[in-house]
Amino acid sequence: MSLPTPESLQPLILQTLASSPDGKIPDTRELSFNGTSLSSTEAQSVVRAVLDSLASKEMVEYKQITTTTYGLTEEGEIIAANGSHEFRVWQALPVKGAGEPIGLPDLSKLIGADIAKVGQQRAFRNKWIAKDGAGFVRAVEAPSDETADQVKEIKEKGDHSRGEAITKELQKRKLIQPRKHIHYTVSKGSQFSTEVKQLETDLTVEMLQSGAWKDASFKQYNFAAAGQPTDGGALHPLLKVREEFRNIFFDMGFTEMPTNRFVESAFWNFDAMFVPQQHPAREMQDTFYVKDPVKALRPDPEYYERVRKVHEEGGYGSIGYRAPFNRDESEKLLLRTHTTAVSTDMLYKLANQEGGFKPAKMYSIDRVFRNETADATHLAEFHQVEGVVADYNITLGNLIAFMQEFFSKTGNHKLRFKPAYNPYTEPSMEVFSWHEGLGKWIEIANSGIFRPEMLEPMGLPKGVRVLGWGMSLERPTMIKYKISDIRTLVGHKTDLDQVKKRPAVRLEKGDD
Ligand SMILES: N[C@@H](Cc1ccccc1)C(=O)O
């Protein structure tokens, strides 16, 4: 049966109203269209669409009526077909003296445990059956199975003609369930006509100029209509993951390092960390250098001299690089290539603070810059999550334990560690995490123990070890939000739909 369209239904409704003596349609379920009844839920929703449109023109008025009918549940259907549980128990039993009495275990085998148990109790209460020795026998000749009759009648008629009390009882026994039906009663409106007038929605300049407004009919404004939803604020996915990481660091007793300096000298970005001046990472194709001003440096001259010396000549047990160390190179300004420049500056301050060195745990999350061509997995600017732990008597074991604790708090429980190389750490260690979705191990962090050549010129006491690590903020964000192109996370290419899907809420740890 195909549903009528609103267009085809509209004349039927108007005609029915016009020809009804009291100008009413008492129940729209009574309507029929080309010989088919419109009583179904689907048909009534088309009726509703037509009524809404006519009501907005004040051609009709309507009220919604809700009625309830009843249908059988699965159990109700079984009872309608086979009789009530109590009836089936009675049926299964012998007449007294005509056979062995049957106990509950055997009844269960005959008609099923559930039916036997409930049925036996009810049949006994109805006095349809009686105890005989260890079992039961029939106690009446032919019980009248009221429940089955009631259920069958409801199945046929759909209403509660047997009375509300019985309906309630059957519903409580989960034999029948209510179904709601929505239909309408309709009467003529103040603008009723069988012809639908074309209504104007807006008064236009053209109508004013031509005078057409004088004969036009206008649609009523619907002040009750819901407006277009407006966009609320939303947090960028990177901000959410940053917040999550921050909370984890705070939980673990870290303090935040100030990271607001994007422009650094090569001294802090490279030299102070014992990165040789001839290192390929320092070349223009990897690092953005600042054109104007070209140079600036405010090193403590004694510290600068110690750094120069360890590079050129060695010291603190090291033979150094034995290569020329050039002040011009140190003074170059650049966009920091890693937040380890910040950690280095903070470690220097930690070594030289009033009262001397004290153990510290510090983290930062901020932007870094690398001269790279952007593609689906690389950006020229991205964010680093970085941390350092400075204390006496700590080892690589502490670094591994930190990684396990930190990442398990982000939901990454499977980690692997691999030896690596950094000019400023020894040993160095890459951290891999098992990615369930991709089905492979992916690198998530780079780490290590900072070299004495970096720490001792700063004046950190001998015996102080500093664990450090760094990772990108974008990668865990992409994994968490299943983002395949890193470029949709930044700048003018930001995928706003993706951001809007996640409205601004106060973030708790572990929220997504
Ligand atoms: N600076 C390193 C990360 C790192 C920080 C501290 C110690 C070791 C490694 C990077 O950019 O990948």
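The values are calculated or read from the model by the stated rules, or taken from the named source; none is laboratory data. Every value quoted in this text rests on a predicted model; they were computed, and no experiment measured them. Note that each Cβ is placed from the backbone with ideal geometry, even for glycine, and that neighbours are counted across all protein chains shown. Heavy atoms of the whole protein, side chains included, go into the accessibility calculation; ligands, DNA and RNA do not. Shrake-Rupley method; radii C 1.70, N 1.55, O 1.52, S 1.80 Å.
Before moving on, here are some points about what is shown:
- Cα lying deepest toward the dipole's positive end in the chain, options L38, L104, L170, charges on Cβ: L104
- Between helix 237-251 and the chain there is an angle of about 70 degrees, using the helix long axis and the longest principal axis of the Cα atoms.
- The stretch 28-175, relative contact order in percent, only Cα pairs under 8 angstrom and at least six apart counted: 24 percent
- Cα gyration tensor shape of the stretch 335-393, rounded if a/c is under 1.5, else prolate or oblate by comparing a/b with b/c: prolate
- Dipole magnitude (debye, nearest 20) for the stretch 85-144, charges at Cβ of Lys, Arg, Asp, Glu: 160 debye
- Tensor-based shape of the chain (alpha-carbon gyration tensor, a/c under 1.5 rounded, otherwise prolate or oblate): oblate
- Mean separation of Cα contacts under 8 Å (6+ apart) over length of the chain, as relative contact order %: 14 percent
- For the stretch 1-94: rounded, prolate or oblate by the Cα gyration tensor [a/c cutoff 1.5]: prolate
- Centroid-to-centroid separation of the stretch 121-163 and the stretch 379-430 [C-alpha atoms, Å]: 74 Å
- Portion, in percent, of the accessible area of the stretch 238-500 that falls on carbon or sulfur, probe 1.4 Å: 52 percent
- Looking at the chain, the accessible area is 55 square angstrom per residue; that uses a 1.4 Å probe and ignores ligands, DNA and RNA.
- Placing unit charges on the Cβ atoms only, positive for Lys and Arg and negative for Asp and Glu, gives the chain a dipole magnitude near 1100 debye about its Cα centre.
- Each of F406, A420, A390 was scored by the projection of its Cα onto the charge dipole of the stretch 374-483, and the greatest displacement toward the positive side belongs to F406; charges sit on the C-beta of Lys, Arg, Asp and Glu.
- DSSP beta bridges fully contained in the chain are about 95 percent antiparallel.
- Computed with a 1.4 Å probe on the full set of protein chains, the accessible area for D149 sits at about 60 Å².
- Nearest 10 degrees, 0 to 90: helix 113-125 Cα axis against the chain principal axis: 40 degrees
- For the stretch 238-500, with +1 on Lys and Arg beta carbons and -1 on Asp and Glu, the positive-most of V290, M429, I483 along the dipole: I483
- Accessible carbon and sulfur surface of the stretch 85-144 relative to its total accessible area, %, 1.4 Å: 53 percent
- Legend: residue pairs K349/K493; K440/K493; K291/K361, Cα-Cα distance threshold 31 Å; pairs beyond threshold, K349/K493; K291/K361.
- Using alpha-carbon coordinates, inclination of helix 146-157 to the longest axis of the chain, degrees: 80 degrees
- Per-peptide packing, taken as the mean over residues of other Cβ atoms within 10 Å, places 476-486, 233-243 in the sequence 233-243, 476-486 from highest down.
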